[in-house]
Amino acid sequence: NAGVTQTPKFRVLKTGQSMTLLCAQDMNHEYMYWYRQDPGMGLRLIHYSVGEGTTAKGEVPDGYNVSRLKKQNFLLGLESAAPSQTSVYFCASSRQGLNYGYTFGSGTRLTVV
Amino acid sequence: GENVEQHPSTLSVQEGDSAVIKCTYSDSASNYFPWYKQELGKGPQLIIDIRSNVGEKKDQRIAVTLNKTAKHFSLHITETQPEDSAVYFCAASPLSGGYNKLIFGAGTRLAVHP
């Protein structure tokens, strides 16, 4: 029972490089989310998805793209990394509907130099 | 706009003491309030939640209280232990959004000293 799995766990990028963060869940959850966590800023929503083939912008979407080609996977892409994107990224999932708690992955620590 | 304020930002207690973390929310239509615990190097984990039709919920040493009139809710940890040391986040579900939206507080770093 893996829950939400994120890969990679750590990554260092040079400014301008691109990369994709992978998130997979095995709970058959309909909704998935990408957050970033910065010191003193709490958790900020980047993008979310309410089902396979659908995505929507969250609070801080600029510089990121996402795709949800399969229900169990939610990919977060950085096309041209910037130092401001240095952060810890968390993926989460939840059941369809309102007022359900999220299950979070263990995070990806990304450093852009 | 939608906002959740969390206090204090840091909390230091002696083992065995109680700890209380408080949150206020802005959207009076919110009706779901989860609490998450984040240990070092890990993702947040749901530890307890409460819905607006309930004023208090308890699970062993942790409890959550909700005051909808004042728009605030609190996490209470009794008989604290060193393993309770972590960052705790509160959250509230606003009515807007059209999905299972949660607004998170900024977090409270709890340190329990032996």
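We did not get these values from a lab; they are worked out from the coordinates using the rules stated. Keep in mind that this is a model prediction, so the values were computed, not measured. Cβ atoms come from the backbone with ideal geometry, glycine included; neighbour counts cover every protein chain shown.
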Under the Kirkwood approximation applied to all pairs of distinct alpha-carbon atoms, what is the hydrodynamic radius of chain A in Å? 13.9 Å
Calculated FRET value between A:LYS57 and A:LEU98, using beta carbons and R₀ = 22 Å, to 0.05: 0.65
Run the quick spin-label model on A:GLN17 and A:SER80: label points 7 Å from Cα toward the beta carbon, then report their separation in nm to one decimal. 1.8 nm
Listed residues A:GLY97, A:THR20, A:TYR31: farthest to the positive end of the dipole of the range A:1-105 (Cβ charges): A:THR20
When the charge dipole of the range B:43-114 is computed with +1 on Lys and Arg Cβ and -1 on Asp and Glu Cβ about the Cα centre, the Cα farthest towards its positive end, among B:SER96, B:ALA86, B:ALA111, belongs to B:SER96
Rounded to whole angstrom, the alpha-carbon centroid of the range B:78-95 lies from that of the range A:17-86 at a distance of 24 Å
Give me P(r) over the range A:38-102, computed from all C-alpha to C-alpha distances, binned every 10 Å, as integer percentages. 18, 52, 27, 3
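Could you tell me which of the pairs A:LYS70/B:LYS58; A:LYS70/B:LYS42; B:LYS58/B:LYS101; A:LYS14/B:LYS22; A:LYS57/B:LYS37; A:LYS71/B:LYS57 are separated by over 31 angstrom between their Cα atoms in the structure shown?
Details: A:LYS70/B:LYS58 38 Å; A:LYS70/B:LYS42 25 Å; B:LYS58/B:LYS101 24 Å; A:LYS14/B:LYS22 40 Å; A:LYS57/B:LYS37 26 Å; A:LYS71/B:LYS57 33 Å.
Pairs exceeding 31 Å: A:LYS70/B:LYS58; A:LYS14/B:LYS22; A:LYS71/B:LYS57.
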Let me spell out the model: positive unit charges on the Cβ of Lys and Arg, negative unit charges on the Cβ of Asp and Glu, origin at the Cα centre of chain B. What dipole size does that give, in debye rounded to 20? 320 debye
To the nearest µm²/s, what D does Stokes-Einstein give for the range B:9-52 at 20 °C and 1.002 mPa s, using the Kirkwood radius over alpha carbon pairs as Rh? 165 µm²/s
Can you list, largest first and rounded to whole Å, the semi-axes you get for the range B:58-114 by taking the square root of 5 times each eigenvalue of its Cα gyration tensor? 26, 14, 9
So, relative contact order of the range A:73-113 in percent, Cα under 8 Å, 6 or more apart, is 47 percent
Can you list, largest first and rounded to whole Å, the semi-axes you get for the protein assembly as shown by taking the square root of 5 times each eigenvalue of its Cα gyration tensor? 30, 21, 16
Would you mind listing how long the range B:19-114 runs along its three principal axes, going by Cα atoms, in whole Å with the largest first? 43, 27, 18
Just to confirm a number: summing +1 for Lys and Arg and -1 for Asp and Glu over residues other than B:GLN81 whose beta-carbon lies under 11 angstrom from that of B:GLN81, what do you get? -4
Using every alpha carbon pair in the range A:1-65, what percent of pairs falls into each 10 Å bin from 0 up to the bin containing the largest distance? 16, 47, 33, 4
